[in-house]
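The block underneath contains the structure these notes are about, expressed in structure tokens.
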Amino acid sequence: MALTPDRILEALRTVRDPDLGKDLVTLGMIKRHDVDGPRVMITVELTTPACPMKEKIQSDIEAAVRGAANEVGHPVDVIDVEFTADVRRPNEKARDESSPLPGVRQIVAVGAGKGGVGKSTISTNLAVGLARHGARVGLLDGDIYGPSLPTMLGLGDIEVTARGSMLMPFESHGIKSMTIGKLVEPDKALVWRGPMAHGAFKQLALQTEWEELDYLVVDLPPGTGDVPLTLAQLLPLTGAIVVCTPQKVAQDDARRAVKMFEGLGVEVLGIVENMSYFVGDDGKEYDLFGRGGAETLAQELGLPFLGGVPITQALRVNSDLGDPTANWNDPALAKSFDAIVSQTASRISMASMQGKLQMPSISVS
Ligand code: ADP
């Protein structure tokens with residue numbers, strides 16, 4: 001008996017996406033399942049190009065197809081598994097009705113309990129890392145009180161341009177970005193009060209010509225102020241990630257940030273630990289701030305831990321030079337960021353496939 005495409009599809013019904021917990025056929029991920037003599041061709045459309053489970057899915061597919069081929073006595077030499085990706089929208093509603101940014105598929109906020117923990121650093125490298133996988137990514141500097149993106153993305157010499165009433169995002173390091181830091185003098189932004197902050201953030205988010213994006217990462221101001229509230233009311237957020245350094249005091253602040261998102265009805269996708277440890281010239285790792293503190297916090301709060309980044313001079317230098325792409329020239333940094341990118345992308349996929357779209361209606365008196 002020969003192995004038929006139908007028989008291959010049946011075999012693929014036994015292969016589950018480990019994150020999404022359903023089989024590939026039910027999830028609509030099989031885009032091709034053909035056989036030509038001893039060659040089997042399968043195309044799988046993932047929910048993110050940064051999927052951390054590719055290898056596992058590939059080996060499970062190979063095992064399932066070989067099993068089916070053996071059953072019917074069909075010799076198979078090659079199983080070509082091709083991966084494509086289509087970042088899904090949280091649900092259909094987000095496309096037309098409720099989102100003021102219909103071209104943007106996934107919106108993720110990055111928050112922190114307090115300033116200086118590396119929230120902008122993580123936001124920037126998350127955005128650049130997702131783009132390195134081929135995703136279309138935007139980065140919105142929501143930190144209107146202390147915008148860091150002009151420096152971190154090296155936007156110094158790039159001119160601001162507008163088309164009609166829409167601002168054109170900056171394009172560098174494979175991502176689109178927008179920051180108030182390029183529109184007003186930074187010291188003026190610092191004295192803004194609540195209602196002005198609300199208005200400025202709204203304009204920045206909605207009056208930027210983002211066009212089609214797979215991911216929009218929003219770097220929030222530190223703490224629990226007006227901007228997270230504005231964001232949660234304005235845009236359908238898939239979720240938020242909280243950046244934390246390992247010390248006990250930082251954990252207390254991060255816990256408050258988590259509670260704030262939960263209070264806004266925004267799912268917390270996980271916690272990232274920054275400045276986990278320091279690698280000295282002697283190659284030894286020093287746990288300056290008590291490495292693992294954020295992971296412990298994540299466990300305590302029942303949240304996913306998305307990974308950690310060490311303190312490195314290269315990261316600080318690349319950030320000051322506005323060259324995040326250079327972080328991928330450093331193998332240890334690249335590994336840390338790639339792990340965070342994959343874990344975050346996977347959590348985004350999981351949250352949106354579970355239909356947990358956050359669009360709370362909050363009344364503020
Ligand atoms: P936040 O957005 O939380 O205020 P930033 O991302 O602006 O913090 O980081 C504050 C400063 O610390 C920046 O100069 C940044 O380059 C530096 N920094 C952040 N994380 C690291 C790290 N892991 N290693 C070295 N320097 C870091």
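For the chain, what does -39500 (n - 2.57) per DSSP helix run (n ≥ 4), summed and divided by total residues, give at 222 nm, in deg cm²/dmol to the nearest 500? Kindly include the intermediate steps, with their values, before the conclusion.
Values: 12 runs with 133 residues, N = 365.
So the helix-based figure for the chain works out to -11000 deg cm²/dmol.
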*Among the lysines, which fall within straight-line cross-link reach of K182, defined as a Cα-Cα distance under 17 Å, with same-chain neighbours fewer than 8 residues apart omitted?*
K202
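Among rounded, prolate and oblate, which fits the stretch 5-85 when a ≥ b ≥ c are the square roots of the eigenvalues of its C-alpha gyration tensor, a/c under 1.5 means rounded, and a/b larger than b/c means prolate?
Values: a/c = 1.95, a/b = 1.70, b/c = 1.15.
Prolate, because a/c is 1.5 or more and a/b exceeds b/c.
Over 26 Å between Cα atoms, which of K22/K54; K259/K335; K22/K56; K22/K119; K54/K335 qualify?
Table pairs above 26 Å Cα-Cα are K259/K335; K22/K119.
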*Run through every distinct alpha carbon pair of the chain and return the Kirkwood hydrodynamic radius in angstroms, one decimal place.*
21.7 Å
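Taking other Cβ within 10 Å of each residue's Cβ, how do M166, M178 sort, fewest first? Intermediate values should be presented prior to the final figure.
Working: M166 13, M178 26.
Ascending Cβ contact count within 10 Å gives the list M166, M178.
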*For the pair M168 and V72, what calculated FRET efficiency results from E = 1/(1 + (r/R0)^6), where r is the Cβ-Cβ distance and R0 = 45 Å, to the nearest 0.05?*
0.20
*Kindly put W210, W328 in sequence by how many other C-beta atoms sit within 10 Å of each C-beta, fewest to most.*
W328, W210
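May I ask you to derive the FRET efficiency for K31 and T4 from their Cβ-Cβ distance with R0 = 25 Å, giving the value to the nearest 0.05?
Values: r = 18 Å, r/R0 = 0.71.
E(calc), rounded to 0.05, equals 0.90.
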*Within the set of other residues whose C-beta is less than 14 Å from the C-beta of M1, count the net charge using Lys and Arg as +1 and Asp and Glu as -1.*
-2
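Read the figures in this text as sums done on the coordinates, not as results from a lab. Predicted, not measured: the structure shown is a model, and the values here were computed from it. Don't worry about glycine lacking a Cβ; one is built from the backbone with ideal geometry, like all the others, and counts go over all protein chains shown.
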